[in-house]
Structure formats: C-alpha cells, structure tokens
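**Q** One structure, pasted below without further comment.
Where a number appears in this text, it was derived from the coordinates with a stated rule and is not lab data. Note that this is a predicted model, so its numbers are computed, not measured. So basically every Cβ, Gly included, is an ideal-geometry build from the backbone, and we count neighbours across all protein chains shown.
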C-alpha cells in the first residue's frame, strides 16, 4: 500500500457531535495527525479541555504484534496490530494484566476515523469512549 492509498495518514478533526465521550474525558476541540513509519504509524493528538488546558498525546504503533514500553506510562506495555486494511488495534498491559484497548477504524470512503477506547486513566478512573474524527 502506498502512502497516497494509506487510510490513516493525514490530518483528522474531532467530530464532537458524533462522538460519545466518557464524562471525565470530554474535549472541546481536538486535532489528530497520523504519519506512516517504516514499522507502522506515529499519531499525535492535541485537544483543548473545558478548562482551557491544552493536552497533547503521542503514540507510536509498531505493527508487529510485540509488546513495547509506553514511555508516558511507566511499567506499561502495548502491542499493536493491523487487523484489517482500515483497522488498527492496540492493547495496553501492566503487570501482565490488560489495562486498556483501542481500536481505530477508517470508513470505507476514508472520510472518518472512529476510535473506540477503554482503559484506566492517570487518576485510576475507568473510562470508555468512542471518538469520531473527520478527515481534513
């Protein structure tokens, strides 16, 4: 698959109206950029919280199914895989126990990306959210 055909690469904008947020994770606005790498993808998301604080999250997805440490969450590892041409899955583990999972799926026409995520946040609160992103 060439870069021009890649379903994930590029810029995405939060579609808050179609998303279903956890009460503790409700951004006002956000953008996300995916870049293809030799091993998979690098994703960078930037959003604004209701209190005006800007939050930046970055993640590398190495699509070989092996576990790698997550630098931002000491003691946690994640493995990622491309389960279908338009779907990525990443699973986080701590002490051998699954502590979170994310599935990223791009629509057939390439115009939307839906991220379905569950886990435990930095305050140890469980959360589940479905975030819809529009290309562009």
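**Q** Arranged by the count of other C-beta atoms within 10 angstrom, fewest first, what order do 112, 83 take? Provide the component values of the computation, followed by the final result.
**A** Working: 112 16, 83 12.
Fewest-to-most ranking of 112, 83: 83, 112.
**Q** Let me ask you something else. What percent does the relative contact order of region 1-69 come to when contacts are Cα pairs within less than 8 Å and at least six residues apart?
**A** Numbers: 99 pairs, mean separation 16.8, N = 69.
After rounding, I find 24 percent.
**Q** Starting from the Kirkwood Rh over alpha-carbon pairs, what translational D in µm² s⁻¹ does region 44-92 have by Stokes-Einstein at 10 °C and 1.306 mPa s?
**A** So the translational diffusion coefficient is about 128 µm²/s.
**Q** Give, in nm to one decimal, the length gained when the segment between residue 54 and residue 125 is fully stretched (0.36 nm per residue of separation minus the Cα-Cα distance).
**A** 23.5 nm
**Q** Which of 61, 21 comes first, and how do the rest follow, when ranked by fewest Cβ neighbours within 10 Å?
**A** Arranged by neighbour count, lowest to highest, 61, 21 become 21, 61.
**Q** Something else now. Would you mind ranking 63, 28, 88, 14 by Cβ crowding within 10 Å, fewest neighbours first?
**A** Lowest to highest Cβ neighbour count: 28, 63, 14, 88.
**Q** Pairs of alpha-carbon atoms within less than 8 angstrom and 6+ residues apart define the contacts here; what relative contact order does the chain have, in percent?
**A** 22
**Q** Semi-axes of the chain's equivalent ellipsoid from the Cα gyration tensor, sqrt of 5 times each eigenvalue, largest first, rounded to whole Å?
**A** 22, 21, 13
**Q** Quick check: residue separation of residue 42 and residue 87 times 0.36 nm, minus the Cα distance between them. What number comes out in nm?
**A** Gain on stretching residue 42 to residue 87: 14.7 nm.
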